[in-house]
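Step one of this worksheet: look at the structure below.
The values are calculated or read from the model by the stated rules, or taken from the named source; none is laboratory data. Everything numeric here is computed off the predicted structure, so don't read it as measured data. Quick reminder, even Gly has a Cβ in these numbers, built from the backbone with ideal geometry, and neighbours come from all protein chains shown.
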Amino acid sequence: MRGAGTLTGMIHTLPRRGFLSSALVGAALLLGVGGTALAQVTPPPIGFTALFNGSDLMGWRGGDTFDYRKLMAMPEAERAKMVEKWTSQMHEVNAKTGKPHWYVENGELVNDGFGAYASTDQPYGNFELMVDYKTVAKADSGIYLRGVPQVQIWDHTEADTQGLGRAKGSGGLWNNSPGQPGKDPLVLADKPFGEWNSFRIVMVGARVSVWLNGKAVVEHANLENYYDRKLAIPAAGPIRLQTHGGEIRWRNIFLREIGADEANSILSHKGGDPGFKPVFNGKDFTGWAGPLDNYEIVDGAIRCKAHKGGTIFTKDEYADFVVRMEFKLPPGGNNGLAIRYPGKGDTAYDGMCELQVLDEKYEEITKSKLDPRQVHGSAYGMLAAQRGYQRPAGEWNFQEVTVKGSRIKVELNGTVILDGDVSQVKDLMANSPHPGKDRVSGHFGFAGHNDPVSFRNIRIKRL
């Protein structure tokens, strides 16, 4: 950035953070009236935590198809009232059955098809989730990830008069836009009614992979934000079990949180690596040019020296390409990606653009104010990226950048934070012209700004 002025581990128990923890204890007792818990509850696999304990709804509250961001933005009293309303609807008694809408029976979490949805107290970011479910004919349900709908569950044998895609089966990200990856499951994997189905769901950033009964039905698809498709989904949010007009039973709900290193590995190898070639060997600057003395190689990574800078770049030029890399920032760290750099001049203006590499807490640390087009991932001075998806300073982040024609897409830690066309930009920061924005080819590199920012595992694929 330029100056602001211009699957293994020990079994663990996660802390329960929620809005109505004490109230939920009472609700859980009510909800357990419907049956007796199974004496032997399946323990979670090593490294996983049981979100449902098999005896009551401790750790769960009511929920609905409601934007988690808006819920968290409410005043505390208003938010608590909303959650209390949903939780109350969960344990309302069904007049026909005499049982609450949600109850526990034989170690299974049962919903009669009505009432508010069951939502975890605790929000989750990156995770692996295992869930077993059993449902009935004509039922319709799903699993919300970070409060966003949804991994679909429904009756694939029911007549599909509306053309919803029922015959393709369960497991798809049904609320994705038509034709988008993940919307429809890749294969039909549902078991007959009366049998238990098993989901395995891996979520890193907005990227979701789903296995149903051992078959891959969604592969690394981007989960769209149902509430506002212009915005990425939240970085964290609750797991929510949806109910829709037919009984569904749940058991063995286990979750394992995924750390940064594992997340980076998953994202780095999404769909394999066909066509990607390393442009840095981890040992020296072979294949690179520019003020190389201002940079150093530390632990297999390129690092800008403190109080040094300038743009170093690949000797090769690229037109349309995808680059994958990891980067690590010090507190307040500032750097940039040189896109289609001509080999001289200021990449932010003479190149197609400089993509910001900037600590999320830059303003707080430097006591300065940023233009939205200066935050991390932004095309400097032209296109603003979304915030809130960067890891804390000192941790490695994974980033993928796609440059195709005049469009640039930036995916940070599995979430798309920028997708725009620089040729369409009319409003330029400080009215400063960007004569290089229409370049169709150039070098790729790093634009240092005096801070020890590191880059590693740098691979480029030509398009």
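Could you list all residues from segment 152-175 that are surrounded by fewer than 18 Cβ atoms within 10 Å (Cβ to Cβ) and either among the polar types (S, T, N, Q) or on the phi < 0 side of the Ramachandran plot (or both)? Correct list: His156, Thr157, Glu158, Ala159, Asp160, Thr161, Gln162, Leu164, Ala167. Count of segment 40-92 residues, restricted to those that are assigned to a helix (DSSP H, G or I), of a type in the set (Gly, Ala, Ser) and closer than 16 Å to Arg146 by Cα, is 1. Checking each residue in segment 234-257 for being of a type in the set (S, T, N, Q) and part of a loop (DSSP other than H, G, I, E, B) picks out only Thr243. Look at (1) in the same structural domain as Leu355 (by TED's automatic domain parsing); (2) farther than 30 Å from Leu51 by Cα and you find that Lys270 fails only one, number (2).
Let's see how each residue does on (1) surrounded by fewer than 22 Cβ atoms within 10 Å (Cβ to Cβ); (2) in a strand (DSSP E or B); (3) among the basic types (Lys, Arg); (4) modelled with pLDDT of 95 or more:
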residue	(1), (2), (3), (4)
Asp228	yes, no, no, yes
Ala232	no, no, no, yes
Gly271	yes, no, no, no
Phe285	yes, no, no, yes
Phe313	no, yes, no, yes
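Restricting attention to segment 413-439, which residues are in contact with a Gly (Cβ under 8 Å, 6 or more places away or on another chain) and either of a type in the set (Val, Ile, Thr) or in the same structural domain as Ala232 (by TED's automatic domain parsing) (or both)? Within segment 413-439, Thr415, Ile417 qualify. Confirm whether Val210 is in the same structural domain as Asn252 (by TED's automatic domain parsing), buried (at least 22 other Cβ atoms within 10 Å of the Cβ), touching a Pro at 6+ places or on another chain (Cβ under 6 Å) and not in a loop (DSSP other than H, G, I, E, B). When the stated conditions are applied, Val210 does not pass them. Can Asp419 be described as in a loop (DSSP other than H, G, I, E, B), farther than 30 Å from Lys305 by Cα and acidic (Asp, Glu)? Answer is no for this residue. Which of the numbered conditions does Asp299 fail, given that it passes all the others? Conditions: (1) in contact with a strand residue (DSSP E or B) (Cβ under 6 Å, 6 or more places away or on another chain); (2) loosely packed, with under 13 Cβ neighbours inside 10 Å. Failed condition: (1). A single member of Val403, Val323, Val410 is closer than 22 Å to Pro433 by Cα, in the same structural domain as Phe444 (by TED's automatic domain parsing), crowded, with 20+ Cβ neighbours inside 10 Å and β-branched (Val, Ile, Thr), and it is Val403.
Based on what the data block shows, is Arg69 modelled with pLDDT of 95 or more and either in contact with a Pro (Cβ under 7 Å, 6 or more places away or on another chain) or more than 20 Å from Ser141 (Cα to Cα) (or both)? Taking the combined requirement at face value, the residue satisfies it.
Residue by residue, here is whether (1) in a loop (DSSP other than H, G, I, E, B); (2) surrounded by fewer than 19 Cβ atoms within 10 Å (Cβ to Cβ); (3) in contact with a Gly (Cβ under 6 Å, 6 or more places away or on another chain) holds:
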{"site": "Lys96", "(1), (2), (3)": "yes, yes, no"}
{"site": "Val110", "(1), (2), (3)": "no, no, no"}
{"site": "Leu129", "(1), (2), (3)": "no, no, no"}
{"site": "Ile143", "(1), (2), (3)": "no, no, no"}
{"site": "Gln150", "(1), (2), (3)": "no, no, yes"}
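Only residues that are in a strand (DSSP E or B) and either under 23 Å from the mean Cα position of the chain (by Cα) or surrounded by 19 or more Cβ atoms within 10 Å (Cβ to Cβ) (or both) were counted across segment 450-463, and they come to 7. Filter segment 196-240 down to residues that are aromatic (Phe, Trp, Tyr) and over 16 Å from the mean Cα position of the chain (by Cα) and give me whichever is nearest to Phe48 (Cα to Cα). Ranking the qualifying residues of segment 196-240, first place goes to Phe199. Could you tell me whether any residue of segment 194-203 is surrounded by fewer than 21 Cβ atoms within 10 Å (Cβ to Cβ), at pLDDT 95 or above and more than 17 Å from Val131 (Cα to Cα)? There is no residue in segment 194-203 that is surrounded by fewer than 21 Cβ atoms within 10 Å (Cβ to Cβ), at pLDDT 95 or above and more than 17 Å from Val131 (Cα to Cα). What do you reckon, is Thr135 of a type in the set (S, T, N, Q) and modelled with pLDDT under 95? Yes; evaluated as a whole, the condition is true for this residue. If you go through segment 347-368 one residue at a time, do you hit one that is assigned to a loop (DSSP other than H, G, I, E, B) and among the basic types (Lys, Arg)? Within segment 347-368 (the criterion being assigned to a loop (DSSP other than H, G, I, E, B) and among the basic types (Lys, Arg)), the answer is yes, since at least one residue qualifies. Please tell me if Gly309 is in contact with a His (Cβ under 8 Å, 6 or more places away or on another chain) and buried (at least 16 other Cβ atoms within 10 Å of the Cβ). It is true that Gly309 is in contact with a His (Cβ under 8 Å, 6 or more places away or on another chain) and buried (at least 16 other Cβ atoms within 10 Å of the Cβ).
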